[in-house]
Amino acid sequence: MEASTETNNKFSEEEQVVTPWEVAGNGGKIDYDKLIDRFGCQRIDQSLVQRVEKLTSQPAHVFLRRNVFFAHRDFAEILDAYEKGENFYLYTGRGPSSEALHLGHLIPFMFTKYLQEAFKVPLVIQLTDDEKFLWKNLTIEESRRLARENAKDIIACGFDVSKTFIFSDFDYVGGAFYRNMVQIGKRVTYNQVVGIFGFIGEDHIGKVSFPPVQAAPSFPSSFPHLFEGKGNLRCLIPCAIDQDPYFRMTRDVAPKIGYNKPALIESSFFPALQGETGKMSASDPNSAIYVTDSAKDIKNKVNRYAFSGGQDSIEKHRQLGANLEVDIPIKYLSFFLEDDAELEHIKKEYGAGRMLTGEVKQRLIQVLTEIVERHRTARANVTEKMVDAFMAVRPLPHMFD
């Protein structure tokens, strides 16, 4: 078994819980060092970032430069193979449980788009509409509809249709994909899946049987229309670290059925506006910035709800400066402000008390409004015909060009 595969994620109250369905830190904040130790993955260091820049002949993405994507499994091996002229493919996904995406949902897709362009490789995107039917109070019909709506937001991120296949589990699973699911399922015991995912006796068997569905896209033979004869093609999965349990299981099974272990590059969690102890929730629209928010909505949410590390009076703030460790505007700017020099200037001035919270929030409002308006325009241009093209089961003859 790979490190931590049999670790039960139902920890004591003093410990954090991170599963694909629940994220709760000790005191509300996630300790990523402990998470890396528990999961058995590795931190991304500066040498890996420099290798990416060298191999792609372009600056690393801001999410890589600033440790938003901070952990990995076998990413160095992917780069080794690529350096020798071997190709790979990307796999990521989305569980379609809401009409509109928030900015946290966009992060893996923004980063995956960069990887696809930088390495010139194909991409498969799984829409787990079946998972959301199993876990949420949604009908099959509603899950399928949300999958298609979410596909429009994903396409709006700018993916290349000649290198990208988006699929809904309800529509695609079968044939070679199902054969891989069964191969995976036969090699994972009930005790192992309980240890990995923390299932309990009251969970229905649909939940217990789902993990092979998310594992199967890690193997190229699940997509014969794309990768026929390419059974040794490696897979790289960009995802948030809460998805790691699926792929610990997958990596344990892969050599037993003759495949390479998928590699992962994993991100930290995007905090709620109310702070890292808060949680973005569909039931609280003020906890996040949504891609459907107007400029007025964004301004209101940032000004009213974005947790500040500034002091409670101007005099005190000028004297002590802001606590950047808890300041949400600074954290959001670290994700989305492209200019490294400007970000460092803001952090220095704000931390020293020379810049006020209102000024930092104003800059964040500008950055977020630009991102959301750009996305909204792109999404408005996504037609049903375009969705059909991305989801069509067809060869991609120029996927490695």
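What follows is calculated from the coordinates using simple rules that are stated; it is not laboratory data. None of the values given here were measured: they were computed from a predicted structure. As a convention, Cβ positions derive from the backbone with ideal geometry for all residues, glycine included, and neighbour counts pool all protein chains shown.
Here are some notes:
- In the stretch 17-74, the chymotrypsin sites (Phe, Trp or Tyr not before Pro) that fall in loop regions by DSSP, at most 10 other Cβ within 10 Å: none
- Magnitude of the charge dipole for the chain, about its Cα centre and with charges confined to Cβ atoms of Lys, Arg (+1) and Asp, Glu (-1), is about 500 debye.
- Within the shell of other residues whose beta carbon sits under 14 angstrom from the beta carbon of VAL291, the net charge comes to -1, with Lys and Arg scored +1 and Asp and Glu -1.
- Ignoring the sites themselves, the chain has its longest run without GluC sites (Glu not before Pro) in a DSSP loop having at most 12 other Cβ atoms within 10 Å at 87-201.
- Where labels lie 7 Å past Cα in the beta-carbon direction, separation of ILE205 and ALA380 in nm: 5.0
- Cα centroid separation, the stretch 99-126 to the stretch 79-98 (Å): 10
- Degrees, to the nearest 10: 357-380 long Cα axis against longest axis of the chain: 40
- Taking Cβ atoms as reference points and 10 Å as the exclusive limit, the residues near PHE210 contribute a net charge of -2, counting Lys and Arg as +1 and Asp and Glu as -1.
- Loop-located trypsin sites (Lys or Arg not before Pro) in the stretch 301-401, at most 15 other Cβ atoms within 10 Å (DSSP): ARG354
- Inter-probe distance in nm under a simple model that places probes 7 Å from Cα toward Cβ, at LYS186 and ARG304: 5.8
- Of the trypsin sites (Lys or Arg not before Pro) found in the stretch 32-98, those in coil by DSSP whose Cβ has at most 11 other Cβ atoms within 10 Å are LYS84.
- Here the mean projected area of the convex hull built on the C-alpha positions of the stretch 285-380 is 6.0 nm².
- Restricting the calculation to alpha carbons of the chain gives Rg and Dmax of 21.2, 69 angstrom.
- Inter-site label distance for ILE257 and VAL326 at 7 Å from Cα along Cβ, in nm: 4.8
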